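In what follows, a single structure is set out as structure tokens and then discussed.
The values are calculated or read from the model by the stated rules, or taken from the named source; none is laboratory data. Because the structure is predicted, anything quoted here is derived from the model rather than measured. Here the Cβ positions follow ideal geometry from the backbone for every residue, glycine too, while neighbour counts run over all protein chains shown. These area figures cover heavy atoms from the full protein model, side chains too; ligands, DNA and RNA do not enter into them. Shrake-Rupley method; radii C 1.70, N 1.55, O 1.52, S 1.80 Å.
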Amino acid sequence: MRTDIQVEKLLSEHVKQIPYRHDKSIYVSGPVALPVAIAGQVHNFKWYCWFVEEAISPEEPLIAFVRRHRLEERQVSSALVYGDFETQDQALVRIHSTCHTGDIFGSEKCDCGPQLKHAFERIVEQGTGAIFYLANHEGRSIGLFAKNIAYKIQELGFDTVQANEIIGYGIDERRYEETFKVIRYLRSGPIQLITNNPEKVEEARKAGIHVSDVLVNWVGGTIHNRNYMDVKIKKTGHLQVSPVISS
Ligand SMILES: Nc1nc2c(ncn2[C@@H]2O[C@H](COP(=O)(O)OP(=O)(O)OP(=O)(O)O)[C@@H](O)[C@H]2O)c(=O)[nH]1
């Protein structure tokens, strides 16, 4: 069919396969132009998304792959790229763990929503950067259902770290390997990481990415998340100030 040939041609340019662990691949789809309203102005981002899957045979057309898989059931992450991310010397990067309650509902039990908004603002202000929005990171990767239970346990007086442990999870279950592969795919130059979490910096370096700056982002403090923010400094090692990076 003519349409299938046209779509196959489009997809072969639009969807890229990045080799990942063992027999798996990361499938990256994009870019799609996305106008995003930030502080009252519309800015043009390029939207990519990706998921990890067993590598498909080179003979299978992508259109058949898309039809064969129930893609709506996948954990699909996004990259929102601004400016000349591929080649500019400096690029801001925010690696943001999905937070259904904070990012979508505006919950003040955490600082996630304001951190995301702040990162968008910094990126458009600087002119080049990207947000990596990680779907499989909800609740520091314990998932939404377990996060709801962890919140309930916190009502007994336990903190975020203790609540995770009570229900059998680690303090922080997040992994970043696939994200760094996607960052590498989109950009080879150094990145300026917007984060308070030194583990993200460490993991980036292990993945061979040059982090030229770490920019802390303590925003969104409220009376509801004071304890949560305190625990980040006292127990999970989050940075209070931007560290000086030696090149
Ligand atoms: N398990 C658990 N996860 C939470 C809780 N509150 C927020 N989160 C999740 O924590 C993740 C964000 O992690 P944070 O520790 O706030 O920040 P970070 O990503 O380590 O560091 P930054 O880069 O500075 O934002 C999101 O996935 C939230 O859904 C909680 O009480 N329990």
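Do you know which residues across segment 153-168 are under 17 Å from R226 (Cα atoms) and open to solvent by 50 Å² or more (accessible area, probe 1.4 Å)?
Across segment 153-168, the qualifying residues are E155, L156, G157, F158, Q162.
Counting only residues that are more than 16 Å from the ligand (Cβ to nearest atom) and touching a residue at least 24 places away in the same chain (Cβ under 8 Å), which one in segment 63-75 is most open to solvent (accessible area, probe 1.4 Å)?
V66
Taking F51 as meeting all but one of (1) loosely packed, with under 15 Cβ neighbours inside 10 Å; (2) closer than 23 Å to S188 by Cα; (3) at pLDDT below 95, write down the number of the exception.
Unmet for F51, out of (1) loosely packed, with under 15 Cβ neighbours inside 10 Å; (2) closer than 23 Å to S188 by Cα; (3) at pLDDT below 95: (1).
Give me a count of the residues in segment 175-208 that are buried (at least 19 other Cβ atoms within 10 Å of the Cβ), within 14 Å of the chain's Cα centre (by Cα) and not in a helix (DSSP H, G or I).
5
Can you tell me which residues in segment 169-192 are touching a residue at least 40 places away in the same chain (Cβ under 8 Å) and closer than 23 Å to D230 by Cβ?
If the condition is that a residue be touching a residue at least 40 places away in the same chain (Cβ under 8 Å) and closer than 23 Å to D230 by Cβ, then I171, D172, R174 are the ones that fit.
Working only within segment 77-96, note down all residues that are in a strand (DSSP E or B) and either in contact (Cβ under 8 Å) with a residue 60 or more places away in the chain or open to solvent by 10 Å² or more (accessible area, probe 1.4 Å) (or both).
S77, S78, A79, L80, V81, Y82, L92, V93, R94, I95, listed by residue number.
With the structure loaded, tell me whether H43 is at pLDDT below 95, over 19 Å from the mean Cα position of the chain (by Cα) and surrounded by fewer than 20 Cβ atoms within 10 Å (Cβ to Cβ) or whether it fails that test.
no
Considering only segment 102-128, state which residues are more than 8 Å from the ligand (Cβ to nearest atom), not charged (D, E, K, R) and not in a helix (DSSP H, G or I).
F105, G106, S107, G127, T128
Taking segment 23-40 only, how many residues are out of contact with any strand residue (DSSP E or B) (no Cβ under 9 Å at 6 or more places or on another chain) and either surrounded by fewer than 10 Cβ atoms within 10 Å (Cβ to Cβ) or closer than 24 Å to E8 by Cα (or both)?
Result for segment 23-40: 1.
Check off (1) in a loop (DSSP other than H, G, I, E, B); (2) free of Cβ contacts under 8 Å to residues at least 60 places away in the same chain; (3) charged (D, E, K, R); (4) open to solvent by 50 Å² or more (accessible area, probe 1.4 Å) for E60 and give me the number that stays unchecked.
Checking E60 against (1) in a loop (DSSP other than H, G, I, E, B); (2) free of Cβ contacts under 8 Å to residues at least 60 places away in the same chain; (3) charged (D, E, K, R); (4) open to solvent by 50 Å² or more (accessible area, probe 1.4 Å), the one that fails is (4).
Any residue at all in segment 200-216 that is closer than 22 Å to L144 by Cβ and away from the ligand (no atom under 11 Å from the Cβ)?
Checking segment 200-216: not a single residue is closer than 22 Å to L144 by Cβ and away from the ligand (no atom under 11 Å from the Cβ).
Suppose the filter is open to solvent by less than 80 Å² (accessible area, probe 1.4 Å) and either within 16 Å of the ligand (Cβ to nearest atom) or at positive phi (or both); does C99 pass it?
yes
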